[in-house]
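A.B. asks: So that we are looking at the same thing, I have put the structure below in structure tokens.
Please treat every number below as a calculation from the coordinates, not as lab data. Quantities reported herein were computed from a predicted structural model and do not represent experimental measurements. We place every Cβ from the backbone using ideal geometry, glycine too, and count neighbours over all the protein chains shown.
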Amino acid sequence: RIDFQQYHRYDTILDYVRTLAEQNPDIVTREVYGTSYEGRELTLLRINSGSTAGKPTILIEGGIHAREWIAPAVTLYIIQELVENPNNRALVENANWILIPVTNPDGYEYSHTNQRMWRKTRRTGVICNGVDGNRNFDHEWGGPGTSTSECSEIFIGPYPFSEPECATLAEVALAEEHIDLYLAMHSYGQWLLYPWGYTYDPPDNVEELHQVGVQAADAIEAVYGTRYVTGNSAALLYFAAGASDDWFKAIAGAPLSYTVELPGGGNQGFDLPASRIQPVVTETWPGIVAFYNHVVSNY
Ligand code: 0X9
Ligand code: ZN
């Protein structure tokens, strides 16, 4: 088991998922799906039971933004609940889960070792390092809410999918027959955001996106009263083109795609104290179950 009393380093997280896969070979497969810019193993877990055919696929990923440490913590908690809590067997049996605990491990490590507020990848630049992984996806790349300036926190990168962390995630998604639900774990703001991030035009299934978001928000609120607001990212937050949620919906074909902005805290919002990890992961879990319930009865 891994504890939720502290934020863990990437090596500790990899040790945990490796052990988990070894100890639960019937339901967990670990896969190194790529290599980060600095050479770290990009790692995912597939969690399912028996035949995968005819079941919905759910992909959840956390930590594309380095400093948002609560996102990998929540993703790890989801992994732990699915694998180590026998009460959740139905979830494992009725859906194919793909979980990525740390999407941007180079940045995550850098935010531990050098600069707590690091956001981007660690691609070496001419003046500044790093690309915003959540502006690097090849759908409306470089559209509103992005920057071509290398030093910007929302730098789009030299070309779409320049970042191995994003390009290999896209390859994983495109290799699937279908993805029914995609969740990008971020912080902060207590928002459940759905596409699009580059236009106010609503997606075809905006009513479903909204209704499922409200159901998840209600499930989270029922635990400790934490309120999430559900809505379109451009309208609720700001424009941000080239983000992963839009790409998953438009290109990978996921009907349901959300950015989950977990609660903030600390001095700068992203530095939620470690003592807050346990309550946040605990209250978020019923939200994940609400998403799952909708997917399993509709896809
Ligand atoms: O700006 C972002 O990438 C996300 N917010 S964060 O504070 N975690 O950086 C929001 C992305 C929402 N999705 C789209 N705009 N497509
Ligand atoms: Zn983020």
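A.B. asks: Based only on other Cβ atoms within 10 Å, what is the fewest-to-most ordering of Arg116, Arg122, Arg227?
C.D. replies: Ordered by Cβ neighbours within 10 Å, fewest first: Arg227, Arg116, Arg122.
A.B. asks: Eigenvalues of the Cα gyration tensor times 5, then square-rooted: what semi-axes does that give for the chain, in whole angstrom, largest first?
C.D. replies: 26, 22, 20
A.B. asks: Loop only per DSSP, at most 16 neighbouring Cβ atoms within 10 Å: give me the GluC sites (Glu not before Pro) in segment 1-61, ordered by residue number.
C.D. replies: Passing sites in segment 1-61 are Glu38.
A.B. asks: Could you work out, for segment 178-225, what percent of all Cα-Cα pairs fall into each 10 Å distance bin, beginning at 0 Å and stopping at the bin that holds the largest distance?
C.D. replies: Calculated over all Cα pairs of segment 178-225, the distribution is 20, 52, 25, 3 percent.
A.B. asks: Here's another thing I want to ask about it. Could you tell me how far the Cα centroid of segment 27-76 sits from the Cα centroid of segment 150-183, in Å?
C.D. replies: 14 Å
A.B. asks: Using the beta-carbon distance between Thr113 and Tyr159 and R0 = 25 Å, what value does 1/(1 + (r/R0)^6) give for FRET efficiency, to the nearest 0.05?
C.D. replies: That gives a FRET efficiency of 0.30.
A.B. asks: Starting with the fewest neighbours, write out Val172, Val223, Val126 ranked by other beta-carbon atoms found within 10 Å of each beta-carbon.
C.D. replies: Val126, Val223, Val172
A.B. asks: Also: Under 11 Å from a point placed 7 Å out from the Cα of Val223 along the Cα-to-Cβ direction: which residues of segment 76-120 have their backbone N that close?
C.D. replies: So the set is 77-78.
A.B. asks: Collect residues whose amide H, placed 1.01 Å from N in the peptide plane, falls under 5 Å from the amide H of Gly34; neighbours closer than 5 in sequence don't count.
C.D. replies: Leu42
A.B. asks: Please flag any cysteine in the chain that has no other cysteine's Cβ under 4.7 angstrom from its own Cβ.
C.D. replies: Cys166, each lacking another Cys Cβ under 4.7 Å.
A.B. asks: While we're here: Could you check what % of the DSSP bridge pairs in the chain are antiparallel, to the nearest 5?
C.D. replies: So the antiparallel bridges amount to about 40 percent of the total.
A.B. asks: Here's something else I'd like to know. Please rank Ser51, Ser257, fewest neighbouring Cβ atoms within 10 Å first, as an exposure proxy.
C.D. replies: Taking fewest neighbouring Cβ atoms as first place, the list is Ser51, Ser257.
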